[in-house]
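Here's the structure, in structure tokens; my notes come after.
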Amino acid sequence: MVAVIDSGVKLDHPDLKDNIWKNPGETDCNNGIDDDNNGYIDDCYGWNFVDNNNNPMDDDGHGTHIAGIIGAVTNNSTGVAGVNWKIKIMPVKILDSNGNGDLLTLVKALKYAADNGAKVVNLSLGYPSSCTYVDSSQALKDAIDYVKSKNVIIVAAAGNYSCDDDVYPFYPATLNVDNIISVGSSSSDDKLSYFSNYGKNSVDILAPGENIVSTYIDQTGYKSLSGTSMATPFVTGAVALILSNKTDIPNPFAVRDLIVNSADKNSYIEDKVIGGILNLFSAFNSQLSPIKPLNISYSAVSSSTGSSPQAVTISWEKRSNIVEKFVVERMQVGSVGGMQAGSWNVVAELSANETSYTDNTVSGGVTYQYRIGSVYQSSISYSDPITVSVPAPTPTSSPSSSSSGGGGGCHLISVNIYSYLMVILLILIRKFNGILLRRIYSREEGKG
């Protein structure tokens, strides 16, 4: 079951009505009794958090459009077909007729969806509404952790502001939590949509988001819309389809690893997204492998005494839910110390909970490349390599040597001549300093 937390859903739409969730705990939708004791009276078809009632009908159109992409009925000779046609859609209304909502309502809606059986949540919404850095909400984080404890996956839009989400996070999509999949929009020619947010380390995958025809609330019943809001339900439908049909994944959150690593990649998007463009066929036919480590950074330190140790500390971000261990590999640029250029060497194996490593076996003045591998069973996914130049050690200064033994007389004579010259120089400096100071003084008094 998929919860569409949005502006509601047109419950009687001919392409949707057969796939709308019906709460089995409510025996009578109009008896004014909370039959299932879930805190919501007569919530037969979801809940309206805007008006706080049991009528989650859509008065904006956004939520209905999303619901159709996820699960419009197929083989009915009507309209469009959803990605997952054997599905139940739970309408949860938190956006008003203008498409606006608030964070507190979202928090309540997430808990409602998880408590009432949703396994996937579509969030084609988020904040902020510009390329501005803001902190995430602790209440939102707590709600996401809560639904994670219920094994619920959240598929969230990356935003429509052409922002780099690595720099300006868009919440909740860019929170690095196991149960969130962040989705950007791709164009018909497999490029990043002009409006889509992106992020090499924060946006998991792209999906079609331009000129998408789906169900709507007007008299025609269908409309073409564009946005990451439209891309997100393609991934939501795919996730639900995989979870219900692919039984060889170790846990629900591994579906993120599966769709990210099976995505189609090309040169237009390689620096814009972690994975690529959604390929559902490939996801069903690919071996599960972990998402590569992200956000690789380093610091290189040399000894100030000219002796060991020199050290390089590498840090990274864990994105995969299934990684069993990390391997740190190093390649030397050159052939100092017996390590040949072009040969990767394992320098450490670490547990899945370790995300940094200090290499104390480097040499000062030498350049290395490092890469980190996420390991799951026989599969390994490598980070992009980074190049590290270890600073050369600072030489230790030695005391000046003095003459001794023969020739001492010459040494004494040179010191005497030097002293004589220094006395003359000091007399001249004092004389000219006095002239210079007087001139400055005269100018300060306005007389020069």
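The values are calculated or read from the model by the stated rules, or taken from the named source; none is laboratory data. What you see is a predicted model; the values in this text were computed from it and never measured. Cβ coordinates were reconstructed from backbone atoms using ideal geometry, including for glycine residues, and neighbour counts include every protein chain displayed.
In segment 182-214, of all residues being surrounded by fewer than 18 Cβ atoms within 10 Å (Cβ to Cβ) and not polar (S, T, N, Q), the one that is nearest to I277 (Cα to Cα) corresponds to D190. A residue that is farther than 22 Å from L125 by Cα and among the basic types (K, R) occurs somewhere in segment 234-257. On the stretch given as segment 341-387, residues that are farther than 25 Å from D248 by Cα and either of a type in the set (S, T, N, Q) or in contact with a Cys (Cβ under 8 Å, 6 or more places away or on another chain) (or both) total 12.
Please pick out the residue among G199, G159 that is under 15 Å from the mean Cα position of the chain (by Cα), closer than 23 Å to G61 by Cα and at pLDDT 95 or above. Talk me through it step by step, then tell me what you get.
Values: G199 fails: closer than 23 Å to G61 by Cα.
Being under 15 Å from the mean Cα position of the chain (by Cα), closer than 23 Å to G61 by Cα and at pLDDT 95 or above holds for just one of G199, G159, which is G159.
Condition test on A231, is it assigned to a helix (DSSP H, G or I), in contact with a Ser or Thr (Cβ under 6 Å, 6 or more places away or on another chain) and within 26 Å of D18 (Cα to Cα)? For A231, the condition - assigned to a helix (DSSP H, G or I), in contact with a Ser or Thr (Cβ under 6 Å, 6 or more places away or on another chain) and within 26 Å of D18 (Cα to Cα) - is met.
Return yes or no: is T74 under 28 Å from N151 (Cβ atoms) and touching a His at 6+ places or on another chain (Cβ under 8 Å)? Before you say what the answer is, go through the steps one by one.
Working: under 28 Å from N151 (Cβ atoms): yes; touching a His at 6+ places or on another chain (Cβ under 8 Å): no.
Taking the combined requirement at face value, the residue does not satisfy it.
Select from segment 11-31 the residues that are farther than 14 Å from M90 by Cβ, modelled with pLDDT of 95 or more and in a loop (DSSP other than H, G, I, E, B) and list them in ascending order. Listed by number, the residues that qualify are D12, H13, P14, D15. For segment 237-282, the set of residues classified as within 21 Å of the chain's Cα centre (by Cα) and part of a helix (DSSP H, G or I) consists of A238, V239, A254, V255, R256, D257, L258, I259, V260, N261, listed by residue number. Scanning segment 354-378 for residues that are within 27 Å of the chain's Cα centre (by Cα), on the phi < 0 side of the Ramachandran plot and touching a residue at least 24 places away in the same chain (Cβ under 8 Å) yields a count of 15. A single member of G71, G82, G99, G117 is in contact (Cβ under 8 Å) with a residue 24 or more places away in the chain and farther than 15 Å from M1 by Cα, and it is G99. In this structure, is S224 among the polar types (S, T, N, Q), part of a strand (DSSP E or B) and more than 25 Å from Y382 (Cα to Cα)? Yes; evaluated as a whole, the condition is true for this residue.
When you go through D248, D264 one by one, which is the residue that is surrounded by fewer than 20 Cβ atoms within 10 Å (Cβ to Cβ) and under 17 Å from S379 (Cα atoms)?
On the way: D264 fails: under 17 Å from S379 (Cα atoms).
Unique residue meeting the criteria: D248.
Determine if segment 331-342 includes at least one residue that is part of a strand (DSSP E or B), surrounded by 14 or more Cβ atoms within 10 Å (Cβ to Cβ) and at pLDDT 95 or above. No; the residues of segment 331-342 include none that is part of a strand (DSSP E or B), surrounded by 14 or more Cβ atoms within 10 Å (Cβ to Cβ) and at pLDDT 95 or above.
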